[in-house]
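Student: A single structure is presented below for examination.
The values are calculated or read from the model by the stated rules, or taken from the named source; none is laboratory data. Note that the coordinates shown come from a computational prediction; the quantities given were computed from them, not determined experimentally. Here the Cβ positions follow ideal geometry from the backbone for every residue, glycine too, while neighbour counts run over all protein chains shown. For the accessible areas, the whole protein counts, side chains as well, though only heavy atoms, and no ligand, DNA or RNA atoms are used. Shrake-Rupley method; radii C 1.70, N 1.55, O 1.52, S 1.80 Å.
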Amino acid sequence: MLRVEELRAGYGPLDVLHGVSFETPPGAIVAVLGANGAGKTTLLRTLTGLVRARGGRITLDGDRIERLSAEQRVRRGLALVPEGRELFNSLSVRENLLMGAFARRASRAEIAADIARVLDYFPRLRERLDQSAASLSGGEGQMLAIGRALMARPRLLLLDEPSLGLAPAIVETVFDVVQQLHREQRLTVLLVEQNAHMALGIATSAYVIQGGTIALHGSPEELARSSSVRDLYLGGETASRPDASGHDTSLDTSQDAPGGL
């Protein structure tokens, strides 16, 4: 569904992504792991048009989209749940959900049915429909952010650090819903996440991004067995281990850009 080839992007004079290439097959949950500053958020913002690509290709269902506006990409089926939720805090829960459908041409009945579907996934929002988004807890806000994205009826859902700042029980609820969406709707998901345990637990394939490039790729089982992933993201005891030839197989994080790029 999504193919990214030699993607470059950044801010001002700084390149954050240095030739990133990966694929997201239809109906897959693809996890992208990486330390803070590795380029994960910049990757998602570039895919959705919030950051302009400086080079490379982004292909969605065979059509190149890197020159399209963010709005056009939403209409093509991309929906982003940003890090930090970025809700419309002055609006109600209901109004936030309606904003998610803003780019669609849909009847009132279709929109009402989609809101009902979101509330089935997140029942806690049902009794808060007329409350302001600012009044929600962190977990409820994340539910609303995902629900708002679902209102666009995406074919590819991009999740940026959905577990960030949430209690473990809420994280489990959010990941359960992602799996349910994948199972029931065959929704394709690109999941950027620092919680490697949770991400690898639901992913069908995974990548590790480091220093703005793809450092590793494989199945969740393969990456879980990797000494680099285990040591850096899964609580290994050491930061690096040499391979049979004596080379260090760990991921060097010294090139990571600061500030959660």
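Student: Please give me the summed charge of the neighbours of residue 101: other residues whose Cβ is under 14 Å from its Cβ, Lys and Arg +1, Asp and Glu -1.
Tutor: +4
Student: If you don't mind, there's one more thing I want to ask. What is the chain by shape, rounded, prolate or oblate, if you read a ≥ b ≥ c off the alpha carbon gyration tensor as root eigenvalues and call it rounded for a/c under 1.5, prolate for a/b larger than b/c, and oblate otherwise?
Tutor: prolate
Student: Within 10 Å, at most 15 other Cβ atoms, and a DSSP state outside H, G, I, E, B define an exposed site. Report the longest part of the chain free of exposed trypsin sites (Lys or Arg not before Pro).
Tutor: The answer is 106-185.
Student: Right, another one. Counting only C-alpha contacts under 8 Å and six or more residues apart, can you give the relative contact order of the chain as a whole percent?
Tutor: In percent, rounded to a whole number, it is 27.
Student: Looking at 175, 50, 30, which one has the Cα that reaches farthest to the positive end of the dipole of the chain (charges on Cβ: Lys, Arg +1; Asp, Glu -1)?
Tutor: 50
Student: Please find the FRET efficiency linking residue 234 to residue 21, where r is the Cβ-Cβ separation and R0 is fixed at 22 Å, and quote it to the nearest 0.05.
Tutor: 0.35
Student: Now, a different point. With angles folded into 0 to 90 degrees, how steeply does helix 168-185 sit against the dominant principal axis of the chain? Use alpha carbons for both and round to 10.
Tutor: Taking Cα atoms only, the helix is inclined about 80 degrees.
Student: On C-alpha positions alone, give me the angle between the axis of helix 138-150 and the longest principal axis of the chain, in degrees, nearest 10.
Tutor: Helix 138-150 sits roughly 80 degrees off the main axis of the chain.
Student: Ok, one more. Roughly how big is the chain's charge dipole about its Cα centre, with Cβ charges of +1 (Lys, Arg) and -1 (Asp, Glu), in debye to the nearest 20?
Tutor: Once rounded to the nearest 20, the dipole reads 1100 debye.
Student: How much net charge surrounds residue 205 when only other residues with a Cβ under 12 Å from its Cβ are counted (Lys, Arg +1; Asp, Glu -1)?
Tutor: It works out to a net charge of -3.
Student: So, R0 is 35 Å and r is the distance between the beta-carbons of residue 194 and residue 99; what FRET efficiency does that work out to, to 0.05?
Tutor: Given R0 = 35 Å and the Cβ-Cβ separation, E is 0.80.
Student: So with the 1.4 Å probe, I'd like the accessible area per residue for the chain, rounded to whole Å².
Tutor: For the chain, the solvent-accessible area averages 47 Å² per residue.
Student: Can you send over the carbon and sulfur percentage of the accessible area for the chain, probe radius 1.4 Å, protein chains only?
Tutor: C and S atoms contribute 49 percent here.
Student: For residue 64 and residue 213, calculate 0.36 nm times their separation in residues minus their Cα-Cα distance, and state this gained length in nm to one decimal.
Tutor: Extending this stretch completely gives an extra 51.5 nm.
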